[in-house]
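First up is the structure itself, then whatever we jot down about it.
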Amino acid sequence: VQLVESGGGLVQAGGSLRLSCAVSGRAIRSYAMGWFRQAPGKERAFVAAISRVGGTTYYADSVKGRFTISRDSANDMVYLQMNSLKPEDTAVYYCAADPTPSYPSGSATRYDYWGQGTQVTVSS
């Protein structure tokens, strides 16, 4: 399974970005999907997750109300819409796939497959 993120970039505080994750090698329906991020000098942190069929989503408190995770299973894509961005959202953002047939998780150990990451920089 391969995951490729895109859509990162430089944006001013208060702006928006939409990250995309293209999944190949196996149908995305086999996985719950998540987004994580890692800021310089910090550990990788959970951002958002979505269930296999998209009916359940789960967000970190720091992004709740500002970020929205969605999936297009027909096209094997996952998205992260990020609004009202803050400088503290600056990080490398990673897409990940969880094969566990359960609720979406915020634990990185549940995710078996990871993308290479895309940089998001929010200027103040």
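Details
- Condition check for T90 on (1) free of Cβ contacts under 8 Å to residues at least 12 places away in the same chain; (2) within 21 Å of P40 (Cα to Cα): one failure, at (1).
- Residue under evaluation A48, criteria (1) open to solvent by 30 Å² or more (accessible area, probe 1.4 Å); (2) closer than 21 Å to Y103 by Cβ, criterion not met: (1)
- Residue match in the range 26-41 (condition: open to solvent by less than 40 Å² (accessible area, probe 1.4 Å) and assigned to a helix (DSSP H, G or I)): yes
- The set of residues in the range 55-72 that are free of Cβ contacts under 8 Å to residues at least 40 places away in the same chain and open to solvent by 50 Å² or more (accessible area, probe 1.4 Å) comprises G55, D61, S62, K64, G65, T68.
- Every residue from the range 108-124 that is of a type in the set (S, T, N, Q) and outside any helix (DSSP H, G or I): Q116, T118, Q119, T121, S123, S124
- Scope the range 90-107; condition in contact with a Lys or Arg (Cβ under 6 Å, 6 or more places away or on another chain) and not in a loop (DSSP other than H, G, I, E, B); matching residues: A91, Y93, D98
- Within the range 44-89, the set of residues being small (G, A, S) and part of a strand (DSSP E or B) comprises A45, A48, A49, S70.
- Any hit, the range 89-108, residues being surrounded by fewer than 22 Cβ atoms within 10 Å (Cβ to Cβ), at pLDDT 95 or above and among the charged types (D, E, K, R): no
- The residue of the range 62-104 that is farthest from G34 (Cα to Cα), among those that are more than 13 Å from the chain's Cα centre (by Cα) and among the polar types (S, T, N, Q), is S84.
The values are calculated or read from the model by the stated rules, or taken from the named source; none is laboratory data. Note that the coordinates shown come from a computational prediction; the quantities given were computed from them, not determined experimentally. Methodologically, a virtual Cβ is constructed for each residue, glycine included, from the backbone with ideal geometry; neighbour enumeration extends over all protein chains shown. The area values use the complete protein model at the heavy-atom level, side chains included, leaving out ligands, DNA and RNA. Shrake-Rupley method; radii C 1.70, N 1.55, O 1.52, S 1.80 Å.
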